[in-house]
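Report on one structure; see the data block that follows.
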Amino acid sequence: AGSATADPIDTLPASFRWGVATSSYQIEGAVAEDGRTPSIWDTFCRVPGAVAGGDTGDVACDHYHRMPQDVALIADLGVDTYRFSTAWPRVQPGGRGPANPTGLAFYDRLVDELLDRGIDPWVTLYHWDLPQELEDTGGWPARDTAYRFADYAMLVFDALGDRVRTWTTLNEPWCSAMLGYAYGEHAPGRRDLGDAIAAAHHLLLGHGLATRRIRAAATAPVELGITLNLATAVPATDSAADHDAARASDGLGARLYLDPLVHGRYPDDVLADLAADGVTVPVRDDDLAVIAAPLDVLGVNYYFGQVFSGVDADGRDRDADGRPVRRVIPRGRPRTAMGWEIVPECFTDLLLRISRDYPGLPMVITENGAAFDDHPDARGFVADDDRVGYLAEHLRAVARARRAGADVRGYFAWSLLDNFEWAYGYDKRFGIVRVDYDTQERVPKRSALWFRDTVRRVRGRG
Ligand code: PNW
């Protein structure tokens, strides 16, 4: 340490946690095997036009049948942790009633395979594959779904809790609520802000109920957390309208989740914005106390930074319906294949801002990564220098935030494998390992080799 030219990545401590992440529906396939019932994504994929190319998760990366080889790939990367999710309709078909032993057995084998290789399993209990039957009885906008989630969480905990220490209840409830129930871009494809806000509240309630029950049942130390997708909303100019657009976006995207989780209350300004749209949060009784159950770790997923303007192209601050204008404006930075602007310094700002506003909450980067247009050579090797650059710049951003005082304990690359990228299907590739979807062959990309070398270097400093 000490040299002015040293790479900030090399200031990360040897104890830093390193991992790769995936999710069940995006990689497993085998959607009708061993008792699994459909999830809302199986249904949504069959809605014409919902997913690019009409792609589905029916086969995906066929991970369900290739799990041991995939764990070997993870081991080759030299990471200490693997973040994966359990599929609710595999564990508890239909979302109610007893566990499905055959479905659970898959995760049982996965956990053992990881532990055999010295890799810690980090389980995410919900990464968007809600059993279709629960959507049919109202989905997340229905309060009962929160209680069903807590029951399901206990089925997984009872089966794996003797070997899994770290549990993430939900992945990105903003995406589940807003993309699923307000914007119609994700399953179940509904478009109603009131439903989306009810969904957000019941997701948080489900998180709190599950957290409480796992904590009460645990006989060994557990680490409980939730993962949020977060971004710093930057106002385009110093104008009051731009500041208000950034405030509102940050409110609906970040504080609507962080404030109840950490402080046990919804932010007044967001409630006022929602009320102006005729929407109220369906809070009952001691919901907020349940939601504010102590967290051991906050998972942060970061992909891009956004600049907000409160005026339209003609300078007007109200739209045709009289609502305040809130729009994202490009800042002219390079973009990933998703069209997301690459803004690593916003990552540093975000982590420092969370430390300041929600002190005492250790953070782990549970996802960071990028889709680019990969060009495999004849052997399937991808020299993805763009992805290497993205990962390196964002790791530097994390290291800078740490040096400035943010309590960030680890970093997981999204994703281990190219996989089913939701509404974009297989068209967008986030993997550090290439998947040939015709042969299911896996070939580590240059970014995987770079990640392995980086992990080895930082951990080896002791
Ligand atoms: C995350 N957005 O999704 C998910 O956790 C992953 O499953 C997914 O593959 C990854 O990021 C890449 O997309 C997001 O529109 C989807 O802001 C959409 C947004 C953010 C995250």
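Any idea how many residues of the stretch 16-42 are of a type in the set (A, V, I, L, M), touching a Gly at 6+ places or on another chain (Cβ under 8 Å) and in contact (Cβ under 8 Å) with a residue 60 or more places away in the chain?
Of the residues in that region, 1 qualify.
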Report whether or not THR219 is within 21 Å of ALA254 (Cβ to Cβ) and of a type in the set (Ser, Thr, Tyr).
no
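Table: residues versus (1) touching a Ser or Thr at 6+ places or on another chain (Cβ under 9 Å); (2) of a type outside the set (D, E, K, R); (3) open to solvent by 20 Å² or more (accessible area, probe 1.4 Å).
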{"site": "ILE354", "(1), (2), (3)": "no, yes, no"}
{"site": "TYR358", "(1), (2), (3)": "no, yes, no"}
{"site": "MET363", "(1), (2), (3)": "yes, yes, no"}
{"site": "HIS375", "(1), (2), (3)": "no, yes, yes"}
{"site": "PHE381", "(1), (2), (3)": "no, yes, yes"}
{"site": "ALA401", "(1), (2), (3)": "yes, yes, no"}
Residues in the stretch 78-102 that are open to solvent by 10 Å² or more (accessible area, probe 1.4 Å) and more than 20 Å from the chain's Cα centre (by Cα) total 10
Every residue from the stretch 106-120 that is open to solvent by 10 Å² or more (accessible area, probe 1.4 Å) and touching a residue at least 12 places away in the same chain (Cβ under 8 Å)
ASP108, ARG109, ASP112, GLU113, LEU115, ARG117, GLY118, ASP120
Could you go through the stretch 351-360 and let me know if any residue there is more than 13 Å from the ligand (Cβ to nearest atom), closer than 28 Å to ARG247 by Cα and among the polar types (S, T, N, Q).
yes
Exception for VAL433 within (1) closer than 23 Å to THR168 by Cβ; (2) in contact with a Phe, Trp or Tyr (Cβ under 9 Å, 6 or more places away or on another chain); (3) within 16 Å of the ligand (Cβ to nearest atom) falls at (2)
Lone unmet requirement of (1) more than 13 Å from the ligand (Cβ to nearest atom); (2) of a type in the set (S, T, N, Q); (3) farther than 23 Å from ALA6 by Cβ for THR348
(3)
Considering residues of the stretch 218-249 that are out of contact with any helix residue (DSSP H, G or I) (no Cβ under 9 Å at 6 or more places or on another chain) and charged (D, E, K, R) only, the residue surrounded by the most Cβ atoms within 10 Å (Cβ to Cβ)
ASP242
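May I ask you to say which residue of ARG434, ARG387, ARG446 is among the basic types (Lys, Arg), open to solvent by less than 10 Å² (accessible area, probe 1.4 Å) and at pLDDT 95 or above?
Only one candidate qualifies: ARG387.
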Of the candidates GLY305, GLY322, the one satisfying the condition of being surrounded by 20 or more Cβ atoms within 10 Å (Cβ to Cβ) and either in contact with a Leu (Cβ under 9 Å, 6 or more places away or on another chain) or at positive phi (or both) is GLY305
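Can you confirm whether the stretch 118-129 contains a residue that is within 16 Å of the ligand (Cβ to nearest atom) and farther than 30 Å from VAL433 by Cβ?
No, the stretch 118-129 contains no residue that is within 16 Å of the ligand (Cβ to nearest atom) and farther than 30 Å from VAL433 by Cβ.
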Report every pair of residues separated by at least 6 positions or lying on different chains whose Cβ atoms are under 7 Å apart, first residue within the stretch 172-196 and over 13 Å from GLY139 (Cβ atoms) and in contact (Cβ under 8 Å) with a residue 60 or more places away in the chain, second open to solvent by less than 10 Å² (accessible area, probe 1.4 Å) and among the polar types (S, T, N, Q).
GLU172/THR227; GLU172/ASN301
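Select the helices (runs of 4 or more DSSP H) contained entirely in the stretch 1-98, then report the ones holding at least 1 residues which are over 20 Å from ILE432 (Cβ atoms).
40-44, 63-77, 88-91
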I'm trying to understand the selection: among the residues of the stretch 83-103, which are more than 11 Å from ARG36 (Cβ to Cβ), among the small types (Gly, Ala, Ser) and in contact with a helix residue (DSSP H, G or I) (Cβ under 6 Å, 6 or more places away or on another chain)?
SER85, GLY95, ALA99
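The values are calculated or read from the model by the stated rules, or taken from the named source; none is laboratory data. These numbers were taken from a predicted model, which means no experiment stands behind them. Counting neighbours? That spans all protein chains shown, and the Cβs are built from the backbone with ideal geometry, glycine included. Protein only, heavy atoms only, side chains kept; ligands, DNA and RNA dropped before computing areas. Shrake-Rupley method; radii C 1.70, N 1.55, O 1.52, S 1.80 Å.
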